[in-house]
1. Pick out the one residue from ALA698, ALA672, ALA656, ALA705 that is touching a residue at least 12 places away in the same chain (Cβ under 8 Å) and in a helix (DSSP H, G or I).
2. Taking the condition in contact (Cβ under 8 Å) with a residue 12 or more places away in the chain and either closer than 23 Å to VAL344 by Cα or open to solvent by 10 Å² or more (accessible area, probe 1.4 Å) (or both), does PHE734 pass?
3. Do we have HIS491 as assigned to a loop (DSSP other than H, G, I, E, B), out of contact with any Ser or Thr (no Cβ under 6 Å at 6 or more places or on another chain) and crowded, with 16+ Cβ neighbours inside 10 Å here?
4. Just for the range 359-376: of the residues that are farther than 23 Å from LEU213 by Cβ and in contact with a strand residue (DSSP E or B) (Cβ under 7 Å, 6 or more places away or on another chain), which one is least open to solvent (accessible area, probe 1.4 Å)?
5. More than 30 Å from ALA723 (Cα to Cα) and either open to solvent by 30 Å² or more (accessible area, probe 1.4 Å) or within 28 Å of the chain's Cα centre (by Cα) (or both): does that describe ARG599?
6. Could you run through the range 131-143 and say how many residues are crowded, with 18+ Cβ neighbours inside 10 Å and either farther than 17 Å from ALA106 by Cβ or in contact with a strand residue (DSSP E or B) (Cβ under 7 Å, 6 or more places away or on another chain) (or both)?
7. Are any of the residues in the range 632-646 open to solvent by less than 10 Å² (accessible area, probe 1.4 Å) and either basic (Lys, Arg) or assigned to a loop (DSSP other than H, G, I, E, B) (or both)?
Amino acid sequence: MSLRPLAITGAVVLLGGVLYVGRVGAGPLPPLGPFLDPVRGAWGSVAYATLPDSASASIPALGAGVDVRYDTRGVPHIFASTEEDAIRALGFVVARDRLFQMELQARAGGGTLTELVGAAAIAADSEPRHLGMPRGAEQKLAALTPGSTGRRLLEAYAEGVNAYIDQASPAEWPVEYKLLGKRPARWSPLQSLYLYARMGWTLAYLNGERDRLAARALVGDAASRALFPVHTPVQEPIQPNGGDAPRTDPLVIPPPGATDSAALALLPLLPRGARNDDDAEVSRLFASNNWAVAPARSKSGHALLAGDPHLGLTLPSIWYEAHLVVPGKLDVYGVTIPGSPGIVIGFTRDVAWSLTNTGADVLDYYRETVDDQEHPTRYLLDDQWKDLERREEVYRGKRGEVLRVDTVRYTHRGPLQRMHNEWVSMRWTVNEPSDLATAFSNAAHATTAPAFLDAFARDYFAPAQNTIVADRAGNIAIRSTGHYPLRPAGHDGLSILDGSSSANDWTGYWPVPEYPQAVNPAQGFLASANQEPIDSHHSPDYLGYDAAFEPWRALQINRLLRQNPRVTLDDMRRYQTDPGSVRADWFVAYLRNAASVARARGEGGASLAAADSLLGAWDRRYTVGNNGAILFETALGNAIRRTWDELIPKGDTTRAATPSSAVFLSLMSDSASVWWDDRRTTGVVEDRDAILAGALAAAYDTLVARDGPPSKGGWAWGKVATARVNHLLGLKGFSATGLAVQGGRGTLNPSVQNGGFGASWRMVVELGPRIRAMGTYPGGQSGNPASPRYGDRLRFWRDGDLELLIVPPALDSLSASQVSSRLTLTRGGR
């Protein structure tokens, strides 16, 4: 791990290493003379690196005094008289530790990064504005009536944040403000809604339409529908289907058809995301796991719950740990996203819960007819012209100067964008009216698992989440919670619709009883890991598409839970970083069979024999010291590149779209499919085994050339596939890189091959008479790189260890040895 211990002495050296920026600037960073100021500059951050033993502050709107005790892990335990005061205090303590992160994330959702870093962020700001995210946030706020729960929570949180900003001296401002030559902006309820919009963009901006359309343009409609199916061919659904093993459904993939000129013409109408990397299997970056075990399968006889959402790994972490207590009304512990007024994932004395992303398709595109191709003012709907709403988007620089002005137009569905020579509108649930603050608040008051799900579903809208919950009575339950569009008959969500007819509009949303869900299943456990929520045999309704669902981690956790009838809390912890892989188990068998076939054909060489021997010795577990994982991953990547050559546009070198690994597995059952033939080779027609054997031998040769013979140690997984946790601004000195972590693609801990993505919070809970809980995340509570609380949890995260969480029911329950700092908040100030 390259992040050095950030004790104060080391932090001085670390900060000194970036002082050259103060003289010359770097990228968005200006020459920063003030950065060198010994009081207000970077050195001031060192002075405030450690929390004082005792401190006091005021919040003007506070109803009564609030006591905050930071435990030895830096977690604030907030003891308040009212829930609004608890939220005010939460806003204060989060701002105290994470102020720059809060502002950066809110600006990313609101499209105002240019005001913080300058013109370099115009492209980043343009996307959320043209997707309608700032407008959607403003409409959500306007829909919250004065005095409503959501409004009160958002306002209370803002009051706490601003109280901290008002009382913090420039020396206390996060170092990033000093680097950028900026001061903190005041917080408003709208900033929290921008944060929620950003969360929706991260988890629900899925563009399956483009993948299907790109494939259709190259290989025809029939083949594209098989390559990018609605349902995944590997079934281990979130809602148990009564089976005791995963099921693979036959998938017939027709031969490539003729290019489709109509699809080719439509392709420019869809926004283009990042190109698929031609060297790697397409894989979910934002993967997550959660599962619950019923008392009958728990060694203690109590319900167990585990959760580890996988998101972007940053320093500081995306999560902040906190405990809120209002006697007789609220006692909730868990993690919040800085900027959000409440606990997002956590537990009370009665229930525990966690979330994974559902991957539902909640976005549709419409090809619109407008009155003027260059400067439209109206659009056609049911033979009548309707006025377009026009909104000016003004981009301002660091000094308030205007950098650019865009006009974004809206139909009744949502934002309208010009794509090539056409106008396309978009409807997206992330922009629909919703009240997430109330959803999280209401859920934290539930006392049973079913009540929790019902409370959460009332106000939660998007992004759709697989919400798992267990309670102290022994109930376990799960529901894929969110709003799922009711689309017109015959529309599977993966086509561009004719916007001139209202018959193509959504007609509403699924009723809650039809959501994928289960309560106390006979199997005695529940698990979600971004797999398809409901068996396609049980419900053929369109929820999402195969590429948005990933089966492999679900197969692994279900396998582990089936094998263990007496699960302990420590088993739950170990499973979160279990290195086993069903994906490797299944694909390695095909690779080794291909090597055997090649030898029988007299085509195998020394490289293939050596590679086959290595795979045979590998236990298909992604441990730090193994040599087999990198060979397998390289070979599978080679096989994918050699197989899907039909999806490379003429004159290009990378695929326009890549089918999922589940579809690739389905192709394995047809060893003579025409898809195996690599059209780029001449004089030979490859079958499955020729492609796989060639891919395996080539992988061996590539790795020997790059890393030397496997016996020399250069192939060790902990050396060639490491995780990184980058600073929010990408500053290397404030980042942690080269982390040797157990796990890999398709395992329950897939972070290493995804680089900067992985388990952002790990938690396990036992719901007995007394709550037992453990947790950690990659980073620390403080956003100050000079603080010992900046990266103190990284070693636990790296090694798969968890820390016991301190959960006092009352202020006097904390012993002196458990307290590291005290903060007293009183009413006063402005």
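The values are calculated or read from the model by the stated rules, or taken from the named source; none is laboratory data. Source: prediction; values computed, not measured. Reconstructed Cβ throughout: ideal geometry from the backbone, glycine too, with neighbour counts over all protein chains shown. With ligands, DNA and RNA removed, areas are computed over all heavy atoms of the protein, side chains included. Shrake-Rupley method; radii C 1.70, N 1.55, O 1.52, S 1.80 Å.
1. ALA698
2. Working: in contact (Cβ under 8 Å) with a residue 12 or more places away in the chain: yes; either closer than 23 Å to VAL344 by Cα or open to solvent by 10 Å² or more (accessible area, probe 1.4 Å) (or both): no.
So PHE734 fails the test.
3. Taking the combined requirement at face value, the residue does not satisfy it.
4. Once the filter is applied, the top-ranked residue is PRO376.
5. For ARG599, the condition - more than 30 Å from ALA723 (Cα to Cα) and either open to solvent by 30 Å² or more (accessible area, probe 1.4 Å) or within 28 Å of the chain's Cα centre (by Cα) (or both) - is met.
6. Total meeting the criteria: 3.
7. no
Table: residues versus (1) touching a Leu at 6+ places or on another chain (Cβ under 7 Å); (2) under 29 Å from ALA548 (Cα atoms); (3) open to solvent by 20 Å² or more (accessible area, probe 1.4 Å).
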site	(1), (2), (3)
ASP670	no, yes, yes
VAL674	no, yes, yes
ARG688	no, yes, yes
ALA699	yes, yes, no
LYS719	no, no, yes
THR722	yes, yes, yes
ALA740	no, yes, yes
THR747	no, yes, no
